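The values are calculated or read from the model by the stated rules, or taken from the named source; none is laboratory data. Computed from a predicted model, the values in this text were never measured in an experiment. With ideal geometry, Cβ positions are generated from the backbone for all residues, glycine too; neighbour counts draw on all protein chains shown. Accessible surface areas use protein heavy atoms only, side chains included; no ligands, DNA or RNA. Shrake-Rupley method; radii C 1.70, N 1.55, O 1.52, S 1.80 Å.
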Amino acid sequence: MKTVAVTGGIGSGKSTVCAILSARRIPVYEADSAAKRLYAKDDSLLDSIEEAYGCGIRLPGGALDTRKLAGIAFSSPEKLRILEGIVHPAVLKDFLRWRALQATLHADMPFCVIESAIILSKPEFLSKVDKVVLVEASLSTRLKRACERDGVEPEEIIRRMSAQHFDLSKVDAILRNEGTASDLESETERVFRTLDLR
């Protein structure tokens, strides 16, 4: 079973593309959701992050305060590196376990997908995939989507965007997402057909 990475900036629509693929029975691993799941089941991850940051990142009930964590992590490149150094090894191990299971459960499927915003800058993840699809949309479109989705001010989204960089030399196909939902379905089908994943 081959592996395709679907990546893109905040608000590009990579999750919507992955939902389209999932609806077609393609196994999809969402790296962000996996990290949140790991936070919820492994207190040692939160302990390590709190120790590294020197402050609490939990809500009163003990669950992760995702907004506070994002605010700290995206406040500087160094703080983001600290978070990634703790979380990424756990996510990679979880992904490899998941992929091995998919190869058994879905032997008829030619490929699975990992959705990740940061995979192009992470060799340890990138080395595990066969193809990379970058989902693109204009800055104004991405900003509007992300503000509506996250309920935050544009300045906060722009700050997060500034931490994201995409090396196009590592991308096999670009999937444009500026139109309707129907347009995106058609574009997704077209792009994945060009990848020759059989």
When segment 93-126 is examined, which residues are found to be over 21 Å from MET161 (Cα atoms), under 16 Å from the mean Cα position of the chain (by Cα) and not in a helix (DSSP H, G or I)? CYS112, VAL113
Residue, farthest from GLU155 (Cα to Cα), within segment 46-102, restricted to residues that are open to solvent by 40 Å² or more (accessible area, probe 1.4 Å) and among the hydroxyl-bearing types (Ser, Thr, Tyr): SER48
Going through segment 1-42 in order, the residues found to be assigned to a loop (DSSP other than H, G, I, E, B) and more than 10 Å from the chain's Cα centre (by Cα) are MET1, GLY11, SER12, GLY13, ARG24, ARG25, ILE26, PRO27, ASP42
Of all residues in segment 43-68, count the ones that are part of a helix (DSSP H, G or I) and among the β-branched types (Val, Ile, Thr). 2
Yes or no: VAL4 touching a Phe, Trp or Tyr at 6+ places or on another chain (Cβ under 6 Å) and open to solvent by less than 10 Å² (accessible area, probe 1.4 Å)? yes
Which condition number does CYS147 fail, the rest of (1) open to solvent by less than 80 Å² (accessible area, probe 1.4 Å); (2) at pLDDT 90 or above; (3) in a helix (DSSP H, G or I) being met? (2)
Does LYS14 satisfy the condition of being in contact with a Ser or Thr (Cβ under 7 Å, 6 or more places away or on another chain) and basic (Lys, Arg)? yes
So, SER116, is that one closer than 23 Å to TRP98 by Cβ, touching a His at 6+ places or on another chain (Cβ under 9 Å) and either free of Cβ contacts under 8 Å to residues at least 24 places away in the same chain or surrounded by 15 or more Cβ atoms within 10 Å (Cβ to Cβ) (or both) or not? no
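Yes or no, residue by residue, for (1) touching a Gly at 6+ places or on another chain (Cβ under 9 Å); (2) at pLDDT 95 or above:
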| site | (1), (2) |
| --- | --- |
| ALA52 | yes, no |
| PHE95 | no, yes |
| ALA100 | no, yes |
| ASP108 | no, no |
| SER121 | no, no |
Report, by residue number, each residue of segment 150-175 that is in contact with a Leu (Cβ under 9 Å, 6 or more places away or on another chain), open to solvent by 80 Å² or more (accessible area, probe 1.4 Å) and farther than 14 Å from THR7 by Cβ. ILE158
Among the residues of segment 129-152, how many are over 17 Å from the mean Cα position of the chain (by Cα) and under 20 Å from LYS79 (Cβ atoms)? 1
Could you say which residue among THR188, THR141, THR180 is out of contact with any His (no Cβ under 7 Å at 6 or more places or on another chain) and open to solvent by 70 Å² or more (accessible area, probe 1.4 Å)? THR180
Given the criterion out of contact with any Pro (no Cβ under 7 Å at 6 or more places or on another chain), hydrophobic (A, V, I, L, M, F, W, C) and open to solvent by 30 Å² or more (accessible area, probe 1.4 Å), identify the matching residue among ALA34, ALA19. ALA19
